[in-house]
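The values are calculated or read from the model by the stated rules, or taken from the named source; none is laboratory data. Keep in mind that what you see is a predicted model, and the values were worked out from it rather than measured. All Cβ positions, even for glycine, are placed from backbone atoms using ideal geometry, and neighbour counts span all protein chains on display. Protein only, heavy atoms only, side chains kept; ligands, DNA and RNA dropped before computing areas. Shrake-Rupley method; radii C 1.70, N 1.55, O 1.52, S 1.80 Å.
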Amino acid sequence: MSPRHLLAVLLLALGAGPAAAQTFREDGLRLLGSLAVGTRSASWADIDNDGDPDLLFQGAIASRRLLRNNSVGLGEDSFTDITSTHGPSAPDTTGWSAAWGDYDDDGWVDVFLGEANIGSARGDLFRNRGVLGFLDVSATTINDPGFHQSVAWADIDNDGDLDLLIAMEGPERHEIYLQGPAGVFTAVGAQVGFQVDHGTKAYGMAIGDYDGDGDLDIYISTCNATNPLRNNFFENRLIPDGHLHFVDVADTNGTQNMPNSYAAEFADIDDDGDLDLFLVGADGFPSKIFINNGDGTFTNAATLLGRNVFSNSGRDLNGARLIDYDNDGDLDVFFHDQQRAVPELARLLFRNDGGWVFTDVTVAEGLSSPFRGAYDSAWADYDLDGDLDLAAPSAHGFRDEFFVSNASTNGNHWLYIHLRQPPPNSRAIGAQLYATIHEGTERERTLRRDANTNAGAFNQNDLPVHFGLGDAEQIDRLRIRWPNGAETVFTNVTANQHLTLTPGPTASDGWVLY
């Protein structure tokens with residue numbers, strides 16, 4: 001070995017070599033201000049249709065803040081607090097769940113806010129009226145009492161419009177509100193088998209067509225430290241049986257061995273085209289990935305590996321998201337916790353290195369700043385530069401944090417797809433997107449992403465579908481399966497842009513801006 005090479009080895013061994021640049025920089029004081037209002041969760045939605053995502057913080061009534069993103073409208077890297085002029089404003093005392101969806105198909109995304117008090121509390125549905133702000137229409141639409149944990153919009157009965165799914169804390173039962181003509185909602189949870197007798201305590205909800213039969217299935221994660229409860233895997237039998245009803249298959253399909261868990265999410269983690277199930281372990285239980293076997297059953301990845309998938313066993317975690325933070329095409333995992341006893345351990349980022357290897361890069365990537373804990377963080381490309389940024393609520397009276405990413409400069413390519421279709425469900429919640437890159441080579445790979453289905457722990461965002469593409473400069477073939485089952489194929493889609501796609505006629509090269 002030459003002296004120069006030997007010196008380089010010694011410097012690296014001593015930690016004196018060049019340090020890799022961190023991906024994230026905390027900039028919450030500038031972007032969000034210094035208010036310490038005790039928020040519990042955050043969610044994203046483009047409330048003003050200007051093309052950039054706006055930010056809602058949830059918690060106690062004093063914590064609710066709606067921040068308009070000025071990236072497009074004013075061309076500024078900033079947010080403006082418009083809570084006092086636009087809402088959403090309601091008399092409920094506290095809550096941390098939010099579900100975004102244009103339920104009335106007027107072109108403006110609406111929001112349902114869950115309530116977190118047992119008894120007389122109720123959730124609130126707010127209709128977005130554009131420049132007029134949000135109007136509470138709960139009294140004439142959905143006036144649901146109870147403690148709402150996970151809430152989400154989905155076309156659960158395949159009639160085209162959006163229905164509301166609510167997973168309860170308890171003692172109330174889980175509920176489904178089917179939307180009928182003129183925006184009238186009807187509670188049908190009991191009659192379609194969406195309610196359970198053993199107690200609720202829901203802390204996560206995953207939604208997706210896991211068996212590929214054309215209807216959406218629902219997984220509900222439960223947590224009760226003193227008396228663990230069964231999780232529920234509600235298989236939707238709409239397509240095979242011809243009418244909406246659910247069968248709980250958690251005890252037979254391999255996903256029940258999870259004593260206490262929080263966030264849940266369906267995603268195609270292994271790129272085989274079907275949806276796997278990710279669950280966050282609570283009360284010291286390890287987080288798990290259940291691999292979809294393609295025959296209606298799942299296998300715990302830890303069983304195949306002979307080890308836990310993540311190196312955070314023994315931690316009490318709450319929320320999580322599967323995100324491609326580095327745009328390399330693999331789904332990485334972000335965890336967070338509401339505990340404040342050990343703040344430096346309350347946020348965790350695991351990079352997906354392939355082969356079911358997830359590496360803890362929390363410190364290396366800049367996410368280990370003192371964190372005071374909350375229930376659900378939210379990711380979005382707020383500055384439209386191609387990477388995912390993180391809004392991180394901080395409960396317990398500390399200011400909220402915001403982590404700006406520079407992953408768009410790491411050489412990897414990306415694409416964001418905004419879906420639009422004719423009403424109802426104009427934002428195509430539930431659509432499936434399959435992006436093939438390096439087609440016809442040994443590196444051919446198809447990435448599946450679903451549009452805005454999962455509620456995770458406590459939020460359902462209204463976001464474009466994000467693809468990290470690694471070194472692929474285009475998507476060779478993009479197949480979109482729309483919620484009504486129709487399919488559109490786009491070819492040669494250039495990377496590094498935000499696109500709006502529709503199921504209508506396409507240009508000669510296979511894709512079209514809307």
Normalised alpha carbon radius of gyration of the stretch 209-319 [divisor 2.2 N^0.38 Å]: 1.07
Cα Rg, Dmax (largest Cα-Cα span) when computed across the chain, Å: 22.0, 79
Gain in span if fully extended, E473 to T186, counting 0.36 nm per residue against the direct Cα distance: 98.6 nm
Helix-only [θ]222 nm of the chain, DSSP H runs n ≥ 4, -39500 (n - 2.57) each, per residue, nearest 500: -1000 deg cm²/dmol
Residue-wise HN-Hα coupling along the stretch 473-486, computed from phi with Karplus coefficients 6.51, -1.76, 1.60 (Hz; x: Gly, Pro): 8, 7, 8, 5, 9, 10, 9, 10, 9, 6, x, 7, x, 5
3J(HN,Hα) from dihedral phi, the stretch 380-390, Karplus parametrisation 6.51/-1.76/1.60, rounded to Hz, x for glycine, proline: 6, 8, 5, 9, 6, 9, x, 10, 9, 9, 10
Potential extension, N143-Q22 segment - 0.36 nm per residue separation minus Cα distance: 38.9 nm
Solvent-accessible surface (1.4 angstrom probe) belonging to H418, in square angstrom, nearest 10: 30
DSSP bridge pairs, the chain: antiparallel proportion in percent, nearest 5: 95
Potential lengthening between D353 and E439 on full extension [0.36 nm per residue; Cα-Cα distance subtracted]: 28.8 nm
Nearest-10 value in Å² for the accessible area of E265, using the 1.4 Å probe: 20
Protection-proxy order for peptides 267-274, 450-457, 153-160, each taking the mean of Cβ atoms within 10 Å per residue, highest first: 450-457, 153-160, 267-274
Under-5 Å amide H pairs with S78, H placed in peptide plane, nonlocal only: N70, S71
Inter-label distance, nm, simple model (7 Å from Cα along the C-beta direction), D272/E76: 5.1
Nonlocal amide H pairs with G189, under 5 Å, H built at 1.01 Å: I176
Within the stretch 400-457, trypsin sites (Lys or Arg not before Pro) in DSSP loop having at most 14 other beta-carbon neighbours inside 10 Å: R420, R443
